[in-house]
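> I have a structure here, written as structure tokens, and I will follow up with some questions on it.
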Amino acid sequence: MPPRKWQIGDLLRVSADYLRKKGIENPRLNAEVLLAHQLRLERIRLYLNFDRPLNNREVSGFRSLIRRRIESEPLQYITGTQEFWSLGFSVDPSVLIPRPETEIAVEQVVKLAKGTEREGTNYLKILDLGTGCGAISVALATELPEAVIWATDISEAALSVARRNAVTHQVLERIRFLEGDLWEPLSNEDVPFDMVVSNPPYVTSGEFHALAPEVRDHEPRLALDGGQDGMYYLKKIVRGAHDYIRSGGWLILEMAPVHTEKILKMMEKMGHYQKMARIRDYSRSYRVVIAQTL
């Protein structure tokens, strides 16, 4: 019997059913994204070409992508891309996959930027601590043409991805990438920032092993594990930020909802902050804390 001749519509239907049986969420979406990636088409083109026959190389390549997905490899790592702030970002296993809730932090920076007076220059100075793939930095650079951004990360591989994304979106000349842990690469930088923004690791060490396999087994633990209480990096940032932010500047932090009240109390006790507030995400959970430096 000759091998079956697959058409796009038939292959999508069968592969979506297979993914469903393997417990993959949104199986049809996964099948469409993977087939579009294999064929180098936009997803909408699949629907316009349901009857198009596929050759053996295309079917074989698609099957290998399906195998990777049922082994819990994230869809974004397979395709190498993730959308954030309506921009396409390159991602690989060296960086955390950008999440929609991180857009809340970007929204707050943009909102606060409109009411921030510049000191000594006509441009806004922003620091992105732990930039990862550069999602926050690149989004802010595209949204705030008057901003110059410093972006740090402890991972050289992550910074390489971030630079690539900055080049893609034509903002590399306004982002300075520095390698090092949190404030470390800024020790020789005499820059009073107008704003510091960060999405640091905030999963507790105990919770890490209970994460979904897509996250636990594939995304970098360095970008997820926030220590025993999940607040190791948050505390370091809050304690150090006032040395790097000018008076009247802002600190914007993403964190787990359970951390927000604790961080606000910590800020209040320190006495270096004012106008502290916590912001809800799209699921109505508190996700971002903002505070102005005294």
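The values are calculated or read from the model by the stated rules, or taken from the named source; none is laboratory data. Remember, it's a predicted structure, so these values are computed and weren't measured experimentally. Neighbour counts are summed over all protein chains in view; Cβ atoms, including those assigned to glycine, are modelled from backbone coordinates with ideal geometry.
> Is it the case that some residue within segment 114-130 is in a helix (DSSP H, G or I) and in the same structural domain as residue 243 (by TED's automatic domain parsing)?
No, the conditions are met nowhere in segment 114-130.
> Determine if segment 245-254 includes at least one residue that is free of Cβ contacts under 8 Å to residues at least 40 places away in the same chain and assigned by TED's automatic domain parsing to the domain that holds residue 126.
no
> Okay, next question. When only residues in segment 46-72 that are among the charged types (D, E, K, R) and under 16 Å from residue 18 (Cβ atoms) count, which is surrounded by the fewest Cβ atoms within 10 Å (Cβ to Cβ)?
67
> Under 9 Å by Cβ, and 6 or more places apart or on different chains, what pairs join a residue from segment 271-294 that is assigned by TED's automatic domain parsing to the domain that holds residue 99 and more than 18 Å from residue 237 (Cβ to Cβ) with one that is assigned to a strand (DSSP E or B) and among the basic types (Lys, Arg)?
Pairs found: 280/287; 281/287.
> Checking residue 111 against (1) outside the structural domain of residue 142 (by TED's automatic domain parsing); (2) assigned to a helix (DSSP H, G or I), only one condition comes out false. Which one?
(1)
> How do the pairs read when you match residues in segment 183-199 that are on the phi < 0 side of the Ramachandran plot and in the same structural domain as residue 238 (by TED's automatic domain parsing) with residues anywhere that are outside any strand (DSSP E or B) and not aliphatic (A, V, I, L, M), using Cβ under 6 Å and keeping only pairs 6 or more apart or on different chains?
That search, which allows pairs on different chains as well, returns 183/240; 193/244; 194/116; 198/130; 199/102.
> So, one more: Can you tell me which residues in segment 69-95 are farther than 20 Å from residue 32 by Cβ and acidic (Asp, Glu)?
Of everything in segment 69-95, just one residue is farther than 20 Å from residue 32 by Cβ and acidic (Asp, Glu), namely 92.
> Condition test on residue 206, is it surrounded by fewer than 18 Cβ atoms within 10 Å (Cβ to Cβ), farther than 22 Å from residue 134 by Cβ and in contact (Cβ under 8 Å) with a residue 40 or more places away in the chain?
no
> Scan segment 238-259 residue by residue and report those that are small (Gly, Ala, Ser) and not in a strand (DSSP E or B).
Within segment 238-259, 240, 241, 256 meet the criteria.
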